Ligand SMILES: Cc1cc2nc3c(=O)[nH]c(=O)nc-3n(C[C@H](O)[C@H](O)[C@H](O)COP(=O)(O)OP(=O)(O)OC[C@H]3O[C@@H](n4cnc5c(N)ncnc54)[C@H](O)[C@@H]3O)c2cc1C
C-alpha cells in the first residue's frame, strides 16, 4: 500500500527494506491480537490449539522483522548511532522500549517451562502486549514516513482498531458476559483419590452451548464469595446428548486443580466454549477406531464413548487406557458396563505401569508392541485418537507412524495450549 501511494524514493535499498521490515512486522504483530482472541469464526475451522500454534510462530516472525528493522536501517544509511546513541527523539525511544518488551515477551513464552515460570506470571506478562501495541502505534505514526499518506493512515488506524477491539472483546467483554450468565455447579462427584467431576448447569431459563463430544471449554470458578479469576481449559467429559448439563472431570495436578475438590454445589462458574476439533464426529468415514488414553487424557475419549452409547453408534472401538495403578483408573465401572458383552462394540484394555502383584492385566506402557498385540495386522487401517501426557503422546505417535498409520488417521489432543 505504502509502495503504491509513494512508489519513488531517494533512500537506499537497505533503508527501504528496513522500513518494510517495520511495516510488515507491525502488521503481523497487530494480527496476533485477532488470532489470540478465541474468535469462534476462526477457532471453529482450525481448532484453538492450531490457531495458538500459528499465533506463536507468527509472533516470533514479527519480532524477528521488528528486531532487524533498526539494524537494516542503520546499515542502510542511518548509522550505528541509531542503535547506540542515547540522544534520540522521544518516539525512537518509544520504539526501543516496545522492541525490548517484545523480546522479553517472546523469550518468556519460549523458556517458560524451562525456567519454571508459573503460568499465571507468564500470562500476566503476556497481557502487557497491549502496551507494546500502543507504543508501536505511536512510534510508527510519528517516525514512519509512509504513514504521511491518508490511505495508509486509514489502513493503519483500522488495523490497530481491529486489534484493540478484539483484545477488549477477549479480555473484557467475554469475561463480563461469562460472569453475567454464570453457570452453577449442581454436583461434585469424587471419581478417584485425586480426581473429581463437576456437573455444571446453565442459568435458569437458558440452554448450555452446543458442543461436539471431545471438545473442551474454559472454566473459572467463583467459590463461596471468592472469585479465583483463574481460567483453565478442561474437556467436557459428558456427552452432548445429556440434556442441559456440562461435566468436566479434573485431576489434581497443580495449584488450581488441587483445590477442585473444595468446590461446592451452588458455586458459580464462568464457562466459555466450546473449542477444539478432537471429535470422532468430524471424521464420519472412520468406523474402526482405537482410543489411546494416558491418565486424565481419558476425558475427551469418555465424552465420545458416552455419545456413541447414547446414540447407538455403529462403531467398533478398542480403548487402550494407560494408568500408573488400579486406584488411578477413572470411570472404571462405567467403562466396564459399556464394554459388557454381547452387544458391546467396545473393548477396554487397561495398561498399568506400576501394578500390584495381583494385577493380571497388561503391564508397562502403551507402546508399539502393546498396540500391535491388540490391533493386529490391520493396525494401519484403523483410526487412532490419542490423548495423554506429552511423553506418552510422543511415544505413541512415533509407534503409530512406524506401524504405517497414515497421518490423517491419527488424531490427538494435547492438554497444553
Ligand atoms: C484442551 C485441554 C483440555 C484439558 N482437559 C483436562 C481435563 O479434562 N481434565 C484435567 O484434569 N485437565 C485437563 N487439562 C489440563 C488442565 O487445564 C491443567 O492441568 C490445569 O490448567 C493445570 O492448572 P494448575 O494450576 O492446577 O496447575 P499448574 O501446575 O499451575 O500448571 C501446570 C500446567 O498446566 C497448564 N496451565 C496452567 N494453568 C493454565 C491455564 N489457566 N490455562 C491453560 N493452561 C494452563 C500450563 O501448561 C502449566 O504449565 C486440559 C488442558 C487442555 C489444554
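Kindly establish whether residue 21 is within 29 Å of residue 151 (Cα to Cα), more than 16 Å from the ligand (Cβ to nearest atom), part of a helix (DSSP H, G or I) and in contact (Cβ under 8 Å) with a residue 40 or more places away in the chain. Working first, answer last.
On the way: within 29 Å of residue 151 (Cα to Cα): yes; more than 16 Å from the ligand (Cβ to nearest atom): yes; part of a helix (DSSP H, G or I): yes; in contact (Cβ under 8 Å) with a residue 40 or more places away in the chain: yes.
In short, yes.
With 131, 115, 111, 185 as the choices, which residue is over 15 Å from residue 22 (Cα atoms), more than 16 Å from the ligand (Cβ to nearest atom) and under 25 Å from the mean Cα position of the chain (by Cα)? Break it down stepwise before answering.
Numbers: 115 fails: more than 16 Å from the ligand (Cβ to nearest atom); 111 fails: more than 16 Å from the ligand (Cβ to nearest atom); 185 fails: more than 16 Å from the ligand (Cβ to nearest atom).
Testing whether each residue is over 15 Å from residue 22 (Cα atoms), more than 16 Å from the ligand (Cβ to nearest atom) and under 25 Å from the mean Cα position of the chain (by Cα) leaves just 131.
Need the failing condition index for residue 391 against (1) more than 16 Å from the ligand (Cβ to nearest atom); (2) out of contact with any strand residue (DSSP E or B) (no Cβ under 6 Å at 6 or more places or on another chain); (3) under 21 Å from residue 299 (Cα atoms), just the number.
Checking residue 391 against (1) more than 16 Å from the ligand (Cβ to nearest atom); (2) out of contact with any strand residue (DSSP E or B) (no Cβ under 6 Å at 6 or more places or on another chain); (3) under 21 Å from residue 299 (Cα atoms), the one that fails is (1).
Please state which of the following conditions residue 320 fails to meet, knowing it meets all the rest: (1) outside the structural domain of residue 236 (by TED's automatic domain parsing); (2) within 20 Å of the chain's Cα centre (by Cα).
Failed condition: (2).
Please count how many residues of segment 237-256 are modelled with pLDDT of 95 or more, under 20 Å from the mean Cα position of the chain (by Cα) and either within 8 Å of the ligand (Cβ to nearest atom) or farther than 23 Å from residue 412 by Cα (or both).
Number of matching residues: 6.
Kindly indicate whether any position in segment 218-226 is within 10 Å of the ligand (Cβ to nearest atom) and crowded, with 24+ Cβ neighbours inside 10 Å.
Initially, segment 218-226 is screened for residues within 10 Å of the ligand (Cβ to nearest atom), giving 218-220.
Restricting the remaining residues to those that are crowded, with 24+ Cβ neighbours inside 10 Å gives 219.
For segment 218-226, residues within 10 Å of the ligand (Cβ to nearest atom) and crowded, with 24+ Cβ neighbours inside 10 Å: present.
Suppose the filter is more than 16 Å from the ligand (Cβ to nearest atom) and out of contact with any helix residue (DSSP H, G or I) (no Cβ under 8 Å at 6 or more places or on another chain); does residue 175 pass it?
Against the criterion (more than 16 Å from the ligand (Cβ to nearest atom) and out of contact with any helix residue (DSSP H, G or I) (no Cβ under 8 Å at 6 or more places or on another chain)), residue 175 does not qualify.
The rows are residues; the columns are (1) more than 23 Å from the chain's Cα centre (by Cα); (2) part of a helix (DSSP H, G or I); (3) touching a residue at least 40 places away in the same chain (Cβ under 8 Å); (4) under 30 Å from residue 216 (Cβ atoms).
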{"residue": "10", "(1), (2), (3), (4)": "yes, no, no, no"}
{"residue": "17", "(1), (2), (3), (4)": "yes, yes, yes, no"}
{"residue": "31", "(1), (2), (3), (4)": "no, yes, yes, yes"}
{"residue": "37", "(1), (2), (3), (4)": "no, no, yes, yes"}
{"residue": "43", "(1), (2), (3), (4)": "no, yes, yes, yes"}
{"residue": "52", "(1), (2), (3), (4)": "no, yes, yes, yes"}
{"residue": "56", "(1), (2), (3), (4)": "no, yes, yes, yes"}
{"residue": "64", "(1), (2), (3), (4)": "yes, yes, no, no"}
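From 68, 48, 35, which residue is surrounded by 15 or more Cβ atoms within 10 Å (Cβ to Cβ) and closer than 23 Å to residue 146 by Cβ? So that I can check it myself, show each step before the final result.
On the way: 48 fails: closer than 23 Å to residue 146 by Cβ; 35 fails: closer than 23 Å to residue 146 by Cβ.
Just one listed residue meets the conditions, 68.
Does any residue of segment 397-410 turn out to be away from the ligand (no atom under 16 Å from the Cβ), in contact (Cβ under 8 Å) with a residue 12 or more places away in the chain, within 23 Å of the chain's Cα centre (by Cα) and not in a helix (DSSP H, G or I)?
Yes - at least one qualifying residue is present in segment 397-410.
Within segment 318-337, does at least one residue satisfy the condition of being part of a loop (DSSP other than H, G, I, E, B) and free of Cβ contacts under 8 Å to residues at least 24 places away in the same chain? If you could, list the steps in order and put the result at the bottom.
Residues of segment 318-337 part of a loop (DSSP other than H, G, I, E, B): 324-325, 329-331.
With the extra rule that they be free of Cβ contacts under 8 Å to residues at least 24 places away in the same chain, the set shrinks to none.
Within segment 318-337, none of the residues are part of a loop (DSSP other than H, G, I, E, B) and free of Cβ contacts under 8 Å to residues at least 24 places away in the same chain.
Of the residues 229, 205, 214, which is within 13 Å of the ligand (Cβ to nearest atom) and without any contact (Cβ under 8 Å) to a residue 12 or more places away in the chain?
Going through 229, 205, 214 in turn, just one is within 13 Å of the ligand (Cβ to nearest atom) and without any contact (Cβ under 8 Å) to a residue 12 or more places away in the chain: 229.
For residue 80, indicate whether it is more than 19 Å from residue 23 (Cβ to Cβ), touching a helix residue (DSSP H, G or I) at 6+ places or on another chain (Cβ under 7 Å), surrounded by fewer than 17 Cβ atoms within 10 Å (Cβ to Cβ) and assigned by TED's automatic domain parsing to the domain that holds residue 143.
Answer is yes for this residue.
In segment 364-380, what residues are surrounded by 13 or more Cβ atoms within 10 Å (Cβ to Cβ) and out of contact with any helix residue (DSSP H, G or I) (no Cβ under 8 Å at 6 or more places or on another chain)?
Within segment 364-380, 370, 374, 375 qualify.
Failed condition for residue 185, given (1) surrounded by 14 or more Cβ atoms within 10 Å (Cβ to Cβ); (2) not assigned by TED's automatic domain parsing to the domain that holds residue 260, with all others met?
Failed condition: (2).
What's the total number of residues in segment 291-317 that are within 20 Å of residue 375 (Cα to Cα) and surrounded by fewer than 23 Cβ atoms within 10 Å (Cβ to Cβ)?
Number of matching residues: 3.
Check whether at least one residue in segment 273-282 is more than 30 Å from residue 361 (Cα to Cα) and within 9 Å of the ligand (Cβ to nearest atom), and report yes or no. Walk me through it before giving the result.
Pass one, segment 273-282, residues more than 30 Å from residue 361 (Cα to Cα): 273-277, 281-282.
The next check asks that each one be within 9 Å of the ligand (Cβ to nearest atom); those that pass are 275-276.
So far as segment 273-282 goes, yes, one or more of its residues are more than 30 Å from residue 361 (Cα to Cα) and within 9 Å of the ligand (Cβ to nearest atom).
In this structure, does residue 136 turn out to be assigned by TED's automatic domain parsing to the domain that holds residue 17 and either loosely packed, with under 15 Cβ neighbours inside 10 Å or free of Cβ contacts under 8 Å to residues at least 12 places away in the same chain (or both)? Full working, then the answer.
On the way: assigned by TED's automatic domain parsing to the domain that holds residue 17: yes; either loosely packed, with under 15 Cβ neighbours inside 10 Å or free of Cβ contacts under 8 Å to residues at least 12 places away in the same chain (or both): no.
Answer is no for this residue.
The values are calculated or read from the model by the stated rules, or taken from the named source; none is laboratory data. Worth saying up front: this structure is predicted, and the values here are computed from it rather than measured. Virtual Cβ from ideal backbone geometry, glycine too; neighbours counted across all protein chains shown.
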